[in-house]
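For reference, the structure is listed below as structure tokens.
Values in this text are rule-based calculations from the coordinates and carry no lab data. Here the structure is a predicted model, which is why all the values come from computation and not from measurement. For neighbour counting, all protein chains shown are included, and Cβ atoms are generated from backbone atoms with ideal geometry for every residue, glycine included.
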Amino acid sequence: MNTIIVIITSLSAERRHDFSLWLKNRNRRGDTKNHLLFNYLLKGEVDDLDVKIYGKPAKNAFHALCKRLQDNLLDFLATKSFESETSEELEVLKLIVVSRIFLEQKEYNVGYKTLAKAEKLAGFMDHYSLLNEVYHTKIQYAHCNPSLSLEEVFRASILNMESFQKDFKLNMAYAEIKEKMLTTDSLPVLDSIVEEAFKKFDVSISASLSYKSLYQLMNITSITAKLQRNYYRVTPFIEEAYTLVNAKKTLAYKHLYYHIGILQVMAMVNFRNKNFENSMFFVEKMEEQMKSNNRAYYRRFLGDLNTLKGLNYNYTGKHDKALEVLEKDTSGSLDIQLIKMMCLFQQKRYREAYQIIKKLHHSDVWYEKKVGWIWVLKKSILEILLLIELDQLDLVLLRIKSFRIKFKKKLYQIEENRVLTFLQLALAYYEDPKQVLLDSFKQKVEASFNWKANEKEDIYVMSFYAWLKSKMENKGLYETTLQLVSKN
């Protein structure tokens, strides 16, 4: 039944309504229970459903009913997906089949005209596998068309096959990089994983890549930048890929999921590079596309959308608007919880921020599996700073000790041992707050960190440092944060 609940939760309100009508039309008998079960689950009722439906305990019958409803949901989703996502592919396939019928019946003129339509439509969609079928048919019946240049068909077929192979190779590289990323946190190893995979599969960015492949390329580059905390480095590559995507904008409606994903990548890359205006431009485009196709992917990307909105509002001085967006979010995103905690912390609403941590009941191991260890790292640093502000000495010492045990090795692997230095200085402040105002302490801080240029420095690194800087300058944290990230 958990699978059914997950499927239902993923459906938009419109899709749920459509499924209800679809199910009623499909049911031939008036006493079919699958629609009743669906309505119960829509209301969030999950206890004793066999008794509610059958009037008595009936575990076996209920299990069979759940299986039928799950099959119904999968059939519905497949049917709708087939209708909305593959209509053009079906049209091309029909044209290819019909052209072959005509050619087999020696109706060569109409056969080749039909095949030309199929080639034009498949070419417009960058559908290399269907184009391969078109060229296969052209070559097979080339002797029946005297006006056809066989060499031109060969050339077009070879170019298409090269594009198909590029797409396929990128897909293999993507899979290999994703798999190997799960086993390392070392920056040199991470770089070599990407470089070796690209070299192994001969991957490079080009206009011949399909929409999906360009998304995969941008996504894996963005993931690498996130792990390395260096979005500045990958920006030229990401922008080059987006230029190619933009050239294929007529295909955006056909690849809506990938299109939204690409806009999300662009919004996040611009945010991490502190280009907030550009980031919000892509956020607005992302939201617009999420509302397309009856909001088919709205719920899937809602957490990402609100994350980006909250971050951009917060770092452009609109903290009230940021918190409003984050408070209203219904996606259940853990990133939202972390950002909300950070925003409250920057506004000195320490107890409210700490209440969020107290509601995170799972272990760090669970959260690491769910959203990655970087998320757990940020949560742990925020918790320590909150405990310092709340003057919880025993807990501060305990959390710092636990932090060092848990993260020291990983931080050295990713060459971010300055996090440990930061916590050491934070503890020094806590033990003697007055010393942070001394020139000797400020000199110690300056000597402790190797800073990157402002445009290259990670925005989250700057945000944590802003806390220490605000103490040294006796200024507000939020004001200090905005000053740091807005410097050019």
HN-Hα J in Hz across the range 424-434 - Karplus 6.51, -1.76, 1.60, θ = phi - 60°, x for Gly and Pro: 5, 5, 5, 5, 4, 4, 4, 6, 8, x, 5
Zero-based 20 Å bins, Cα pair distances in the chain, whole percents: 18, 43, 30, 8, 1
Calculated SAXS-style log₁₀ I(q)/I(0) at q = 0.17 Å⁻¹ - the range 1-158, Debye, Cα scatterers: -0.90
Relative contact order for the range 2-85, counting Cα pairs under 8 Å that sit 6 or more residues apart, in percent: 35
Gap separating the Cα centres of the range 268-326 and the range 16-58, nearest whole Å: 37
For peptides 443-453, 64-74, 331-341, sequence by mean Cβ density within 10 Å, most packed first: 331-341, 64-74, 443-453
Three-way shape call for the range 205-327 based on the alpha-carbon gyration tensor, with the a/c threshold at 1.5: oblate
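Relative contact order for the range 16-155 using alpha-carbon pairs under 8 Å, separation at least 6, rounded to a whole percent?
RCO, the range 16-155: 15 percent.
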Rounded to whole Hz, the Karplus (6.51, -1.76, 1.60) HN-Hα couplings of the range 322-334, x for glycine and proline: 4, 5, 4, 4, 5, 5, 7, 4, 10, 7, x, 5, 6
Rounded to whole Hz, the Karplus (6.51, -1.76, 1.60) HN-Hα couplings of the range 122-135, x for glycine and proline: 5, x, 4, 8, 6, 8, 5, 5, 5, 4, 4, 5, 4, 5
Mean separation of Cα contacts under 8 Å, 6 or more apart, over the residue count of the range 296-382: relative contact order %: 21
Estimated dipole of the chain in Debye, rounded to 20 [Cβ of Lys and Arg +1, of Asp and Glu -1, Cα centre]: 1000
